[in-house]
1. Residues in the range 541-556 that are modelled with pLDDT of 95 or more and closer than 30 Å to LEU453 by Cβ: how many?
2. Any residue in the range 645-664 that is among the β-branched types (Val, Ile, Thr) and either open to solvent by 50 Å² or more (accessible area, probe 1.4 Å) or more than 25 Å from LYS567 (Cβ to Cβ) (or both)?
3. Could you tell me whether LEU609 is under 30 Å from ALA470 (Cα atoms), modelled with pLDDT of 95 or more and among the hydrophobic types (A, V, I, L, M, F, W, C)?
4. Among the residues in the range 139-147, are any of a type in the set (Val, Ile, Thr), part of a loop (DSSP other than H, G, I, E, B) and in contact (Cβ under 8 Å) with a residue 12 or more places away in the chain?
5. Could you please let me know if ALA515 is farther than 29 Å from ASP664 by Cβ, out of contact with any strand residue (DSSP E or B) (no Cβ under 7 Å at 6 or more places or on another chain) and open to solvent by 10 Å² or more (accessible area, probe 1.4 Å)?
6. For the range 665-686, enumerate the residues that are part of a helix (DSSP H, G or I), buried (at least 17 other Cβ atoms within 10 Å of the Cβ), in contact (Cβ under 8 Å) with a residue 60 or more places away in the chain and not small (Gly, Ala, Ser).
7. Residues of the range 152-188 being more than 28 Å from the chain's Cα centre (by Cα) and either assigned to a loop (DSSP other than H, G, I, E, B) or of a type in the set (Lys, Arg) (or both), which ones?
8. Does SER243 satisfy the condition of being within 16 Å of VAL572 (Cβ to Cβ) and either among the hydroxyl-bearing types (Ser, Thr, Tyr) or open to solvent by 10 Å² or more (accessible area, probe 1.4 Å) (or both)?
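The values are calculated or read from the model by the stated rules, or taken from the named source; none is laboratory data. For clarity, every value in this text was computed on a predicted model and none was experimentally measured. All Cβ positions, glycine included, derive from the backbone under ideal geometry; neighbour counts span all protein chains shown. Quick note on the areas: whole protein, heavy atoms, side chains included, nothing else; ligands and nucleic acids left out. Shrake-Rupley method; radii C 1.70, N 1.55, O 1.52, S 1.80 Å.
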Amino acid sequence: MTKLIVDGREVDVPAEYTLLQACEAGGAEIPRFCFHERLSIAGNCRMCLIEVKGNPKPQASCAMAVRDLRPGPHGEPPVLNTKTPMVKKAREGVMEFLLINHPLDCPICDQGGECDLQDQAMAYGVDSSRFHENKRAVEDKYLGPLVKTSMNRCIHCTRCVRFITEVAGVADLGAIGRGENMEITTYLEHAMRSELQGNVVDLCPVGALTAKPWAMQYRPWEFTKTKSIDVMDGVGSAIRVDSRGREVMRILPRINDDVNEEWISDKTRHVVDGLRQQRLDKPYLRGADGKLRAVSWREAFAAIKVRMEGTRPERIGAIAGELATVEEMFALKLFMEQWGSSNIDVREDNSPLHSRFGRASYLFNATIAGIEAADAILLVGVNPRRDGAVLNARIRKRWRMGNLRIGLIGKRADLTYPYEHLGAGGQSLASLMAGEGEFASALRAAKKPLLILGRGALTSEGGLAQLALAAKAAKAFALVREGWNGFSVLSATASLVGALDIGFVPGEGAMSARAMAREGALDCLYLLGADAVDVAPGAFVIYQGTHGDRGAHRADVILPGAAYTEKSGTYVNTEGRVQMGDRAVFPPGDARDDWAILRGLSGALGKPLPFDSLSELRKLLYGQYPHLAGIDAIAPQDGTGAIEALSQLEVAGSDAPYAASDADYYLSNAIARASRVMAQCSELAHDQASIAAE
């Protein structure tokens, strides 16, 4: 630690701090436009000028480190001043230059009310300008369907360029020209190709980059802000839902250094319009003519009662979808137990993950933040850029730190960082275990090796054999050691880990999701937001969900539920972190909370569930699974036991290449498929892929 004096106050700060960070640690407020804690230092805007005692001129505090300061002539600590007349005059001069070319369009700017330039102009601006020449004009740029540009407002802080280059890992933005002629551009006027590009809107300190789907629709002071959790993948990013009245208007990231830092994917951010389109807002019943008609809740429950009471328990099943909360899956599990059926499953993709092998067998045991400690990473049947875009940015962050080797077994993909392609399937992993190749030596020599297993391996032919093979690899390379568990499974869906935690998987001799969907397998099938399984004709299907998607098209009875922004619910992310999202708005029409629908249905069937409120349901849930009461905590796991149980499995494997996901990243669930913005992103991605293939 280094001792400094900031505005007369003595503080101790790390030597690697910038002067800006040191001043803020001492309680001073330093204005800035270009500086950002998670980006490289540019020193463009000069707004953070301070006075360093002994220096004749003001110093840009973001561009000098504490270790660069000299002590006084008698060894006194360096003195920094942030409130002297020299500092105030310097900052006012910088602000005057920044406003020379900035247009006076605050009343029509979407950044109004959230603009750093507005805030700092109030403190350091003047009421008149000495600049009487014509203002500079810059043509707006096309950046794609998500980011709207007003380049006359740009102050050349280059935050967007640094984010896209450093964090997102694509060379899509840069600057051309010099001085007054400088412009931020994509060079060839094409759309940005990153699934994290929407974060540049949050980073832009002025109104140069704004969200195109939300343009001219709101003012930030109109919103009610609600903390929630993202469900578009298994990462569980912390988000804030901004609503106006009964409508969700936008979704923004919240800072959580352990999970998503302060980034979210474009799907998380811009799936908002899908929450309003194709919604189920009343119960429906399929009549004798094969058409669905709107009915009352009483009629819908009566139709279900007629079918279920005449059905044997082994002919009844339930499948939970990828957006379900732990509470509603627990309620559905209790509901199925009352009917004597153990045909329950959440693994729509036919994954072999199961709670019987131990909790560490399906978690990202290294934790997301732990990626930064890894010194060798082996990706097995996974594309983290698609299955967890924010997690992929964390891997890239670790790669940028240096001294990291990354290997991939599976289909080649652009992951935004270089890697060694080691093969296409399980045979390549077996060869690696045998010590073939340099990467095997690198894994054995690593202090904290990390294996990330994905659904490409788990859902391919012989998925259980691939899971066992990965566990054997974990033993061979000693991935589990004191203070470190490098065996990590990346869950691509929000509901999977929570469902496995409560045992929402088939019992002994029961059917899996794919088996339940086959023709003639069941007489009655309950779909809890399950849209990824094609149910064959024959079974009576009850669909409880939010959108008129695949499950609703097949259903005989539709029960309208609540979307993730419309209910309070618990989710468990891929690393086993228990998280809770709050209700931002109420569901439309006659739609109800999913747990309440199951409680009402059980009462109508004469077998009421043992709770009457959400708090009673959670009390029952926490009684059976105490670790779920630890919000934002990860319960410790026995990594060695899980690896041992998996590695002892003797299952016939396959030498076939790992399955490549054929699902469209932007249209992966019912909410995304209802979104027009996601449809535009999907079309653009297909066009870009076609051009790249040519």
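1. Total meeting the criteria: 1.
2. Going residue by residue through the range 645-664, those that are among the β-branched types (Val, Ile, Thr) are 651.
With the extra rule that they be either open to solvent by 50 Å² or more (accessible area, probe 1.4 Å) or more than 25 Å from LYS567 (Cβ to Cβ) (or both), the set shrinks to 651.
The answer is yes; a qualifying residue exists.
3. Working: under 30 Å from ALA470 (Cα atoms): no; modelled with pLDDT of 95 or more: yes; among the hydrophobic types (A, V, I, L, M, F, W, C): yes.
The answer is no for LEU609.
4. Taking the range 139-147 as the starting set, the residues that turn out to be of a type in the set (Val, Ile, Thr) are 147.
Now drop any that are not part of a loop (DSSP other than H, G, I, E, B), which leaves none.
No, every residue in the range 139-147 fails to be of a type in the set (Val, Ile, Thr), part of a loop (DSSP other than H, G, I, E, B) and in contact (Cβ under 8 Å) with a residue 12 or more places away in the chain.
5. Details: farther than 29 Å from ASP664 by Cβ: no; out of contact with any strand residue (DSSP E or B) (no Cβ under 7 Å at 6 or more places or on another chain): yes; open to solvent by 10 Å² or more (accessible area, probe 1.4 Å): yes.
Against the criterion (farther than 29 Å from ASP664 by Cβ, out of contact with any strand residue (DSSP E or B) (no Cβ under 7 Å at 6 or more places or on another chain) and open to solvent by 10 Å² or more (accessible area, probe 1.4 Å)), ALA515 does not qualify.
6. TYR665, TYR666, ILE671, ARG673, VAL677, MET678, GLN680, CYS681, LEU684
7. The first filter runs over the range 152-188 and keeps only residues more than 28 Å from the chain's Cα centre (by Cα), leaving 152-156, 175-183, 187-188.
Scanning the range 152-188 gives ARG153, CYS154, ILE155, HIS156, GLY177, ARG178, MET182, TYR187, LEU188.
8. Values: within 16 Å of VAL572 (Cβ to Cβ): no; either among the hydroxyl-bearing types (Ser, Thr, Tyr) or open to solvent by 10 Å² or more (accessible area, probe 1.4 Å) (or both): yes.
When the stated conditions are applied, SER243 does not pass them.
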